[in-house]
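Remarks on the structure that follows.
The values are calculated or read from the model by the stated rules, or taken from the named source; none is laboratory data. The model shown is predicted, which means the values in this text are computed figures rather than measured ones. Neighbour counts are summed over all protein chains in view; Cβ atoms, including those assigned to glycine, are modelled from backbone coordinates with ideal geometry.
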């Protein structure tokens, strides 16, 4: 069993970024593909089951946002502890994050189970779907601690610079989920057909496997779990440090689906085909942005370790390399989607009007994907510095200050094309602003940290 080490403070910056990003990319892509397969299997059961499953999607988004927030907070504090060569503190923080995430999700699960009825009626669920929703969501809520604790544990593993182990767990869990789906949904041999509940059980078992695998690897491969009783004061400090980054990070992720809901309401004015076309385009977009999700998952640990090690130039180099990659890949993606716009929408819909809306989106919005990737990367960098509020400001401004107001004006003159153009403009302005802000913040924070280290060294006898 090896102790965690600050492996990201030495060696080529670009090499580290590539080595870390590729496994995360594979893991995220596999999980997204598994989600699409889940949806397809449930759709084979019946429209009612698919509708009940869809009603649970906002809850899944909130849970995912909580997990991402706690994971960002954990990754930030653990990476900075490792960058300071404080292995004991890194181990303690990692352990305390697991306990915190379990307590938070246990409360969420208990509250969620007790409020299924009133909550989903408030969301507009019809009475005939409530029995399906109640059973499905009860199983889902039971699995919430496994989902969140597993994701937080994997974030802690990535903080060490090791992205291969957590990505391996994600891939194995996705494969297990896909294998279990038809067995539990449709029934095989002595296993009865469980329908929608079977999909929930498959997800629960797959997430439980991630949970167990994460704890095992953290303990026996990375030495990132301590069974020693924590000092109460140190435990409270750990939780404060984690939540200092975790709460803003969760809020940053929640603002995206909220903004999407508002924009969908705007597009609904142009009819159901317009909404369907936007939905198809959004699904295509989510696949195109996977590489940026992966890059944002690894830049935080890199920044955190190097910040605590006082290596400003390595951080600035990483931000420049990420920016160059985002802009270059963004142009390639934009070109590919423009070329594919003539036939790709047809794979999702037979309606000419739906295909036209999707094609319009693919011509306009992908021009800004590179700068949107910059927003993701720079926000993760702020978290790595332990300074999350600029990321919150950028994300909120992108949606509330730029996207929605510009869309409301532009749609009066250019209809749906104006809404899509507003999305692109918001991404471009936010991405460029985020890069400048991040570079200046790195310089300022590193200068402040250098002064503190010098003062501490002079104070020592």
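A few points about this structure:
- The residue that is surrounded by the most Cβ atoms within 10 Å (Cβ to Cβ), counting only those in region 66-103 that are in contact with a helix residue (DSSP H, G or I) (Cβ under 7 Å, 6 or more places away or on another chain) and without any contact (Cβ under 8 Å) to a residue 60 or more places away in the chain, is 101.
- When the criteria are applied in full, residue 342 fails the requirement of being touching a residue at least 60 places away in the same chain (Cβ under 8 Å) and either out of contact with any helix residue (DSSP H, G or I) (no Cβ under 9 Å at 6 or more places or on another chain) or not in a helix (DSSP H, G or I) (or both).
- Residue 30 meets all of the listed conditions (1) closer than 24 Å to residue 306 by Cβ; (2) at pLDDT 85 or above but one, namely (1).
- Among the residues examined, residue 352 does not qualify as surrounded by fewer than 22 Cβ atoms within 10 Å (Cβ to Cβ), in the same structural domain as residue 267 (by TED's automatic domain parsing) and closer than 23 Å to residue 429 by Cβ.
- Residue check: residue 237 meets all listed conditions (1) without any contact (Cβ under 8 Å) to a residue 12 or more places away in the chain; (2) more than 18 Å from residue 74 (Cα to Cα) but one, namely (2).
- Inter-residue pairs, beta-carbon under 9 Å, first closer than 10 Å to residue 133 by Cβ and in region 42-58, second at pLDDT below 70, 6+ apart: 55/123
- The listed residue being assigned by TED's automatic domain parsing to the domain that holds residue 219, outside any helix (DSSP H, G or I) and surrounded by fewer than 19 Cβ atoms within 10 Å (Cβ to Cβ), out of 124, 161: 124
- Residue 60 being under 22 Å from the mean Cα position of the chain (by Cα), at pLDDT below 85 and either in a helix (DSSP H, G or I) or surrounded by 15 or more Cβ atoms within 10 Å (Cβ to Cβ) (or both): yes
- Qualifying residue in region 362-385 (condition: buried (at least 18 other Cβ atoms within 10 Å of the Cβ), more than 18 Å from the chain's Cα centre (by Cα), in the same structural domain as residue 322 (by TED's automatic domain parsing) and outside any helix (DSSP H, G or I)): yes
- Tally of residues being in contact (Cβ under 8 Å) with a residue 12 or more places away in the chain and closer than 27 Å to residue 405 by Cβ across region 416-461: 22
- Residue match in region 69-81 (condition: out of contact with any strand residue (DSSP E or B) (no Cβ under 9 Å at 6 or more places or on another chain), outside the structural domain of residue 305 (by TED's automatic domain parsing), at pLDDT 85 or above and farther than 30 Å from residue 380 by Cα): no
- Considering 278, 227, the condition of being surrounded by fewer than 20 Cβ atoms within 10 Å (Cβ to Cβ) and either part of a helix (DSSP H, G or I) or out of contact with any helix residue (DSSP H, G or I) (no Cβ under 6 Å at 6 or more places or on another chain) (or both) is satisfied by 227 alone.
- Within region 181-189, the presence of at least one residue that is outside any helix (DSSP H, G or I) and either modelled with pLDDT under 85 or buried (at least 21 other Cβ atoms within 10 Å of the Cβ) (or both) is confirmed.
- For residue 200: the one exception among (1) crowded, with 18+ Cβ neighbours inside 10 Å; (2) under 20 Å from the mean Cα position of the chain (by Cα): (2)
- Test: residue in region 237-245 that is under 23 Å from residue 60 (Cβ atoms) and surrounded by fewer than 20 Cβ atoms within 10 Å (Cβ to Cβ): yes
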